[in-house]
Amino acid sequence: MSVQTLETEINSKSALRLWLRLYRSVSLIEREVRSRFSREFGVSLSRFDILSALDRSENGLTMGEISQGLLVSNGNVTGLISRLVDDGLVVREAQIDDRRSFCVQLTQQGRSAFADMATAHESWLAEILGDMPAETATALSANMDDLMQYARLDAEPLRDKD
């Protein structure tokens, strides 16, 4: 076995171990957060994610921007937005310059509901990860930024809004 083959094998095994650990950690946390959103607010994590994206955008987002930003299909976004419209949390309006494109914005009720959900979400994560020392959390976050740089993916890394 050549040195190059051995290095590739070690890197492959390391990458696989890393992936499995990341996936398990995220899956366990996500399952708990999904359960809490459903139980306490009657919403899915996907609906929260859309509300969050809209909250960060002053002028709203097109359906395509939501789909692209959340890495989900246009069809999935359309159904989720329709339910959010029905619940009075968002409005969907045709663009003046392109009647086939829609802009989605939070309503006042949507802003208020999202603020409540975001506060709860933050406290849940603090509770779930609360035993982790701050320096460990900071180091993991920095390492995740590095991971996105090494990962050869087209998606841009998410940045905290300061």
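The values are calculated or read from the model by the stated rules, or taken from the named source; none is laboratory data. Owing to the predicted nature of the structure, the values given are computational and were not obtained by experimental measurement. Positions of Cβ are backbone-derived with ideal geometry, glycine not excepted, and every protein chain shown enters the neighbour counts.
The residue of region 88-104 that is modelled with the highest pLDDT, among those that are outside any loop (DSSP other than H, G, I, E, B) and among the charged types (D, E, K, R), is Arg92.
In region 23-34, the residue that is nearest to Tyr150 (Cα to Cα) out of those that are aliphatic (A, V, I, L, M) and without any contact (Cβ under 8 Å) to a residue 60 or more places away in the chain is Val26. Determine whether region 107-124 contains at least one residue that is of a type outside the set (Ser, Thr, Tyr), surrounded by 10 or more Cβ atoms within 10 Å (Cβ to Cβ) and not in a helix (DSSP H, G or I). No, region 107-124 has no match at all.
Out of curiosity, is Ser52 in contact with a Ser or Thr (Cβ under 8 Å, 6 or more places away or on another chain) and within 25 Å of Glu32 (Cβ to Cβ)? No; evaluated as a whole, the condition is false for this residue. Each residue in region 74-110 was checked for being of a type in the set (D, E, K, R) and under 16 Å from Phe48 (Cα atoms), and 3 pass.
Which of the residues that make up region 24-57 are closer than 14 Å to Gly110 by Cβ and of a type in the set (Asp, Glu)? Correct list: Asp49, Asp55.
Residue pairs whose Cβ atoms lie under 8 Å apart, sitting 6 or more positions apart in sequence or on different chains, and linking a residue in region 86-101 that is within 30 Å of Gly42 (Cβ to Cβ) to a partner that is modelled with pLDDT under 85 and loosely packed, with under 10 Cβ neighbours inside 10 Å, are Ala94/Arg100.
Does Glu7 qualify as being at pLDDT below 95, within 30 Å of Phe114 (Cα to Cα), more than 13 Å from the chain's Cα centre (by Cα) and loosely packed, with under 11 Cβ neighbours inside 10 Å? Taking the combined requirement at face value, the residue does not satisfy it.
Can you report the number of residues in region 27-85 which are part of a loop (DSSP other than H, G, I, E, B) and loosely packed, with under 15 Cβ neighbours inside 10 Å?
Of the residues in region 27-85, 7 are part of a loop (DSSP other than H, G, I, E, B) and loosely packed, with under 15 Cβ neighbours inside 10 Å.
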